[in-house]
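The values are calculated or read from the model by the stated rules, or taken from the named source; none is laboratory data. Worth saying up front: this structure is predicted, and the values here are computed from it rather than measured. With ideal geometry, Cβ positions are generated from the backbone for all residues, glycine too; neighbour counts draw on all protein chains shown.
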Amino acid sequence: MTETALSLAGVRPRPRPSILGIDPYVPGKGAPPGAVKVFKLSANETPLGASPCAKQALRDYASHLHDYPDGTAAALREALATRHGLDPEKIVCGNGSDEILHLLASAYIGPGDEAIFTEHGFLVYKIAILAAGGTPIVAPETDLRADVSAILAKVSRRTKMVFLANPNNPTGTYLPASEIARLAQNLPGHVLLVLDAAYAEYVTRPDYSAGVELVERSENVVMTRTFSKIYGLAGIRLGWCYAPRDVCDALNRIRGPFNTNGAAAAVGIAALQDTAHLAKAVAHNETWLPWLTKEISALGIRVTPSAGNFLLLHFAGKAQATEADLFLTRRGLILRAVSAYGLPQCLRLTVGTEEANRRVVSALTDFAAHESPARA
Ligand SMILES: Cc1ncc(COP(=O)(O)O)c(C=O)c1O
């Protein structure tokens, strides 16, 4: 060992200070040990599972495991372009939309820069901003809904990006296309607006848009999408974005050369072709989201109206929410505590199978019988 190396003994590599300021993302919890029958309703996964075509594509892919995939994911981008009527050159795919969010942050945000997200916005935004060395700026929401004026009021010379989930997780609220357009129109040209449309396929409201037309007509709007939710492919990790060419160029420079794995691409293409499976998932949600909303509200538990495949339930306070969580968990019903989103009095419930949904209502009925949940 040289003298210098000796004098440095005990000194360890240290990440940038902002990295240590990140609270790691905690995923929705899974099955508790020993539970009889468990329904995981904590991660907004589809109760219908993946399309049979996607499962077959995965089996077929086994004979290609030794091959590097196409690093440009050209076939998948073509399939997405055909399905959604897009320009394939303006699509970048990745290892879940989480990766795309991180790539966007690391390409456009650096130390001294600010990026905005809303009060109860998806937690990955803050992580991605801090990981890039930027400063997270929180815009207040109004009635658990993003507020365009409040976002615009937070824009400064240092703002580089605005992240907005539409619909938002965990609130389930959404902004109509007119409000999103107002946001886009009023942002300075150097600020990139990231519209995270992870739940877009579930939204059936006529005034909703995932943001394609805004991407088409601006230089500073990106739409991100995922195969994790309605397509039931959370385990294989596949997401994508539709973005102006310059943004795609930046992302393509920094992404890993094979960031979309071959199995994910093959499975994604098959899933896109199974439109009947997609329609079934939409119909299931259309039946059970309103049913759960009505039944749970009738118990005196306030439910935020949701445009996604999940509901935010409001209890009297943190203690009661924790009690309800334990009560449901003991019955094999796993919901998501959302204290990390600034909502300690709430639990998030993913729409499940008919059996799961009925069990949730029955368990909450029993819970409400000896509690006094928050009344709206
Ligand atoms: C709003 C939102 N954006 C993005 C994601 C990430 O999805 P993916 O599995 O594609 O990384 C989620 C997942 O929970 C989400 O709720």
Q | Lone qualifier among Ala131, Ala184, Ala153, Ala177 - being in contact (Cβ under 8 Å) with a residue 12 or more places away in the chain, within 16 Å of the ligand (Cβ to nearest atom) and surrounded by fewer than 24 Cβ atoms within 10 Å (Cβ to Cβ) | A | Ala131
Q.
Looking at segment 289-340 only, could you name the residues that are of a type in the set (Asp, Glu) and either part of a loop (DSSP other than H, G, I, E, B) or under 30 Å from Tyr208 (Cα atoms) (or both)?
A. Glu295
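Take Val203 and decide whether it is over 21 Å from Asp143 (Cα atoms) and of a type outside the set (Asp, Glu). Steps first, please.
Details: over 21 Å from Asp143 (Cα atoms): no; of a type outside the set (Asp, Glu): yes.
When the stated conditions are applied, Val203 does not pass them.
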Q: Take Ile109 and decide whether it is in contact with a Ser or Thr (Cβ under 7 Å, 6 or more places away or on another chain), crowded, with 19+ Cβ neighbours inside 10 Å and within 27 Å of Val26 (Cβ to Cβ).
A: no
Q. Glu45 versus (1) acidic (Asp, Glu); (2) away from the ligand (no atom under 16 Å from the Cβ); (3) in contact (Cβ under 8 Å) with a residue 12 or more places away in the chain: which is the lone unmet condition?
A. (2)
Q: Would you point out the residue of segment 226-241, among those that are on the phi < 0 side of the Ramachandran plot and more than 8 Å from the ligand (Cβ to nearest atom), that is surrounded by the fewest Cβ atoms within 10 Å (Cβ to Cβ)?
A: Gly235
Q) What number of residues within segment 331-376 are basic (Lys, Arg) and free of Cβ contacts under 8 Å to residues at least 24 places away in the same chain? A) 1
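This table checks each residue for (1) touching a residue at least 24 places away in the same chain (Cβ under 8 Å); (2) surrounded by 24 or more Cβ atoms within 10 Å (Cβ to Cβ); (3) of a type in the set (Val, Ile, Thr); (4) away from the ligand (no atom under 16 Å from the Cβ).
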| site | (1), (2), (3), (4) |
| --- | --- |
| Pro206 | no, no, no, yes |
| Gly211 | yes, yes, no, no |
| Glu219 | yes, no, no, yes |
| Asp246 | yes, no, no, yes |
| Gly262 | yes, no, no, yes |
Q. Of the numbered conditions (1) assigned to a helix (DSSP H, G or I); (2) in contact with a Cys (Cβ under 9 Å, 6 or more places away or on another chain), Glu213 satisfies every one except a single condition; which is it?
A. (2)
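Tell me whether segment 49-64 contains one or more residues that are modelled with pLDDT under 90 and either in a helix (DSSP H, G or I) or touching a Ser or Thr at 6+ places or on another chain (Cβ under 8 Å) (or both). Break it down into steps so the answer makes sense when it comes.
Within segment 49-64, the first condition is being modelled with pLDDT under 90, and the residues that meet it are none.
Scanning segment 49-64 turns up no residue that is modelled with pLDDT under 90 and either in a helix (DSSP H, G or I) or touching a Ser or Thr at 6+ places or on another chain (Cβ under 8 Å) (or both).
Any residue that is free of Cβ contacts under 8 Å to residues at least 24 places away in the same chain, in a helix (DSSP H, G or I) and not small (Gly, Ala, Ser) - is there at least one of those in segment 265-273?
Filtering segment 265-273 for residues free of Cβ contacts under 8 Å to residues at least 24 places away in the same chain gives none.
Checked segment 265-273: no residue is free of Cβ contacts under 8 Å to residues at least 24 places away in the same chain, in a helix (DSSP H, G or I) and not small (Gly, Ala, Ser).
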Q: Please give the number of the condition Val92 fails out of (1) within 16 Å of the ligand (Cβ to nearest atom); (2) over 26 Å from Ser306 (Cβ atoms); (3) surrounded by fewer than 23 Cβ atoms within 10 Å (Cβ to Cβ); (4) β-branched (Val, Ile, Thr).
A: (3)
Q: Scan segment 356-372 and give yes if some residue there is at pLDDT 95 or above, within 30 Å of Thr72 (Cβ to Cβ) and surrounded by 17 or more Cβ atoms within 10 Å (Cβ to Cβ), otherwise no.
A: no
(Q) I'd like the residue in segment 134-150 that is more than 15 Å from the ligand (Cβ to nearest atom) and among the charged types (D, E, K, R) and, out of all such residues, is surrounded by the most Cβ atoms within 10 Å (Cβ to Cβ). (A) Asp147
**Q.** Condition check for Ala79: away from the ligand (no atom under 16 Å from the Cβ), among the aliphatic types (A, V, I, L, M), over 25 Å from Pro167 (Cβ atoms) and surrounded by fewer than 23 Cβ atoms within 10 Å (Cβ to Cβ)
**A.** no
Q.
With the condition being modelled with pLDDT of 95 or more and of a type in the set (D, E, K, R), I'd like the strands (runs of 3 or more DSSP E) fully within segment 91-202 carrying at least 1 qualifying residues.
A. 114-118, 159-165, 192-196
**Q.** Residues (touching a Lys or Arg at 6+ places or on another chain (Cβ under 7 Å) and under 23 Å from Asn285 (Cα atoms)) located in segment 332-357
**A.** Gly332, Leu333, Ile334, Leu335, Arg336, Val338, Leu347, Arg348
